[in-house]
Structure formats: C-alpha cells, structure tokens
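The values are calculated or read from the model by the stated rules, or taken from the named source; none is laboratory data. Source: prediction; values computed, not measured. When we count neighbours, we look across all protein chains shown, and the Cβ atoms used for this are built from the backbone with ideal geometry, even at glycine.
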C-alpha cells in the first residue's frame, strides 16, 4: 500500500485534470470503482496513463488492471485520515466548475 505524503498529494492535485478525477471519485459512492476510460480526459493514452500513475503514486487512488483495461478507486479513508476535509473541498470545487464553467469571467473580456 502506498503511503500518503503531503508533497506528492499537492503535486498530484496541482493538475486540473487529476484534481477532477479525484473529485469525481469523491463525489461518487464510497468504494466505487470506475473504468479509467470513463473520465473526460481529452489527452492521449500515454498522458492519461501518466495522470493515473501520478495519482496512484501519491496514494490518492488504487488502480486495478484487467485484460486490456483498468479501473480506479479512491483511497477515501487514507486521504480523509491524512487530509480531513480535502475531498469535500474538491467535490465543492467540481460542483462550482460545473455550475459556472467560465469561472465567473466575462467571455467578452480577455
């Protein structure tokens, strides 16, 4: 089992795509396992693999390989034990982004 370390967790969550994966898992039922391909990650296969490896090595997810695919699940208990409230914060951020995808910015202003 991978240890949960602050530096690795913060580095993993610094990327918006990886943060969204963790937030989507946190928003789902406890113990839910999702196919890696079920996440909206508009990147190539190698980059997708990299993102899951970073999350796995940070101790945020478990990944199970089967046949020609894989599935991930959130290490909810370990994350909550080391960083209480972090998952709730990520879920809140995910919901805010879904409600206001532009982040409250005027699309006419750049």
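Residue-wise test of (1) closer than 18 Å to residue 89 by Cα; (2) touching a helix residue (DSSP H, G or I) at 6+ places or on another chain (Cβ under 9 Å); (3) assigned to a helix (DSSP H, G or I).
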| position | (1), (2), (3) |
| --- | --- |
| 26 | yes, yes, yes |
| 43 | no, yes, no |
| 51 | no, yes, yes |
| 64 | no, no, no |
Seminar exercise, completed: Taking first residues from the stretch 78-91 that are in a loop (DSSP other than H, G, I, E, B) and second residues anywhere that are at pLDDT below 95, the pairs with Cβ under 9 Å that are 6 or more apart or on different chains are 83/4; 83/6
For this session: Quickly run through the stretch 31-52 and pick out the residues that are surrounded by 10 or more Cβ atoms within 10 Å (Cβ to Cβ), more than 10 Å from the chain's Cα centre (by Cα) and touching a residue at least 12 places away in the same chain (Cβ under 8 Å).
Result: 32, 33, 34, 35, 36, 37, 41, 43, 48
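Would you confirm, using the coordinates I've provided, whether residue 97 is under 16 Å from residue 26 (Cα atoms), at pLDDT below 95 and not in a loop (DSSP other than H, G, I, E, B)?
Answer is yes for this residue.
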Seminar exercise, completed: When the stretch 66-77 is checked residue by residue, the ones that are outside any loop (DSSP other than H, G, I, E, B) and either touching a residue at least 12 places away in the same chain (Cβ under 8 Å) or touching a strand residue (DSSP E or B) at 6+ places or on another chain (Cβ under 9 Å) (or both) are 69, 70, 71, 72, 73, 74, 76
